[in-house]
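Reviewing the structure listed below.
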Amino acid sequence: MSSENTVQRQIWLALGKVSCLFRLNTGRAYISNLGPKGVKRLTDGSVIITAARSIAMGFSSPSGDAVVGACDLPGWTTVTVTPEMVGRRVAVFTSIEVKKSKGGKPSPEQLNWMQQVQNGGGIAGIVNSPESALLLIDEYTKKV
C-alpha cells in the first residue's frame, strides 16, 4: 500500500499532461510584521518570531480563517467549448482530493467542498491512483 503522499505525487505528475495543478497546504502559520528582521533562527533549529501575526495557509475566507475541506491539488483543466460557444477555450476549475491507495475517507467538509465545485461547473473528485485521476478528467471532458 502506498502512502497518501506517494500517491499524490504520482497523480500530480500524471495529471500534468492534461491539467495545471498546484499543491495546496492548509492550516495556520505565523509571520513577523517586521519582515525577515523579525525572525531569528536558533542553533537548535527553533525559530523565534517577534511581532508575530497569524495567517491562513491555502485558501482563506474573508474572515481570514483557513477554508476547511479544500482539496489537495487545485488548478484548472483547459477545455475547448462547443461551436455554439464560439470555439473558445476555457479554464475549468479542477479540484483533486487524494486518498491513499487503500482506505482513506473524505471528511464531511471535503465532500461539501467537492459538491460546491461540481455545482459551480468545475471538476472535483476523490482519486487514489493516477489512472482514477485521469479517468475523472476524461469523464468530465467527454461531457463538455
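Structure notes:
- Filter result (open to solvent by 70 Å² or more (accessible area, probe 1.4 Å) and over 14 Å from the mean Cα position of the chain (by Cα)) within region 121-133: Glu131
- Criterion applied to Lys105, Lys100 was being without any contact (Cβ under 8 Å) to a residue 12 or more places away in the chain, assigned to a loop (DSSP other than H, G, I, E, B) and either more than 16 Å from Lys17 (Cβ to Cβ) or open to solvent by 80 Å² or more (accessible area, probe 1.4 Å) (or both), and the one residue passing it is Lys105.
- So Pro74, is it at pLDDT 95 or above and either farther than 19 Å from Gly125 by Cα or outside any loop (DSSP other than H, G, I, E, B) (or both): yes
- The set of residues from region 68-88 being farther than 19 Å from Val18 by Cα, touching a residue at least 40 places away in the same chain (Cβ under 8 Å) and open to solvent by 100 Å² or more (accessible area, probe 1.4 Å) comprises just one member, Val68.
- Residue within region 108-118 that is modelled with pLDDT of 90 or more, surrounded by fewer than 16 Cβ atoms within 10 Å (Cβ to Cβ) and touching a helix residue (DSSP H, G or I) at 6+ places or on another chain (Cβ under 8 Å) present: no
The values are calculated or read from the model by the stated rules, or taken from the named source; none is laboratory data. Being a predicted model, the structure only gives us computed values, none of them experimental. With ideal geometry, Cβ positions are generated from the backbone for all residues, glycine too; neighbour counts draw on all protein chains shown. All accessible areas refer to the heavy atoms of the entire protein, side chains included, with ligands and DNA or RNA removed. Shrake-Rupley method; radii C 1.70, N 1.55, O 1.52, S 1.80 Å.
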